[in-house]
1. Sorting 64, 71 on the 10 Å Cβ count, fewest up front, what's the list?
2. Using a cut-off of 12 Å between beta-carbons, work out the net charge of the residues near residue 170 (Lys and Arg +1, Asp and Glu -1, residue 170 not included).
3. Which of 173, 208, 124 sits farthest toward the positive end of the charge dipole of segment 54-215, with +1 on the Cβ of Lys and Arg and -1 on the Cβ of Asp and Glu?
4. Could you give each residue of segment 143-157 its phi-based ³J(HN,Hα) in whole Hz, using Karplus coefficients 6.51, -1.76, 1.60 with θ = phi - 60°, and x for Gly or Pro?
5. Using only the Cα atoms of segment 53-164, build the gyration tensor, take square roots of its eigenvalues as a ≥ b ≥ c, and label the shape rounded, prolate or oblate: rounded if a/c is under 1.5, else prolate if a/b is larger than b/c, else oblate.
6. Please give the net charge around residue 72, taking every other residue with its beta carbon less than 14 angstrom from that of residue 72, where Lys and Arg add +1 and Asp and Glu add -1.
Amino acid sequence: MAAPKKKLAHPSRGATAKEPRAKASVKLAKHAKPAAAKLSAERTKLPQASDGVMAIYPGSFDPITNGHLDIIRRAFNVFPRVTVAVAFNPNKDDAMFTPEERVTMIKEALPEFRDRLVADSFSGLLVDYARRVKARVLIRGLRAVSDFEYEFQMTMMNRHLRPEIETVFMMAGEQYFYTSSRLVKEVATFGGDVRSLVPASVMRRFRQRLAEKRAG
Ligand code: PNS
């Protein structure tokens, strides 16, 4: 015959009929302290902003748009630290904004992540930059199926160059499916309204750049 199951005392349960309430609460407090300490020790084991996996979100960001910001915010839900890396070619750069301006606009647009965000610029291969900053994750945003071909090629080429680097894709919010730096620049240049598509700091610089162009 099977032995009767022993009732296990549950540490979090209160007084038994024989124990007065006050005594039980002393017992609970004694028990709760190490449990709380253990929990906080567990928490400090979680990735911290200072030492966690660092992901790079690379791009031209000429300029950063609200679609990019949507991806960056999603990335911060997953990674403790994100480096937004502006790629530029020092020999052939027909960008509207300098790499420094692009980095500044990124910082200005994300003040809430000041402690976890690095905004930087690089030239040369992305995988070499990733090696320099010790990052093993690349983030790319996807808007529509049309992005896939280009992203697939880049991912496979980067994997060929450095197989240990993983590319993680995130879907942009549907309101950003038609937003791209190229289109936003074109529309702004011809006087179209792009205020809902870019952060305020970018809008300011658009106005400044266009005024400079008009002045010759
Ligand atoms: O968002 P973008 O502008 O299309 O980003 C493209 C970018 C900057 C990620 C890509 O052109 C790049 O990685 N440039 C750095 C040079 C490089 O590594 N080229 C090989 C890519 S497979």
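1. By the 10 Å Cβ count, ascending: 71, 64.
2. Numbers: positive: 73, 74, 140, 143; negative: 70, 147, 151.
Result for the neighbourhood of residue 170: +1.
3. Value: 208.
4. For segment 143-157, the Karplus curve yields 9, 9, 4, 4, 6, 4, 3, 4, 5, 4, 4, 5, 4, 5, 5 Hz.
5. rounded
6. +4
None of the figures in this text is laboratory data; all of them are computed from the coordinates on show. Quick caveat: nothing in here was measured; it's all calculated off a predicted structure. Cβ atoms come from the backbone with ideal geometry, glycine included; neighbour counts cover every protein chain shown.
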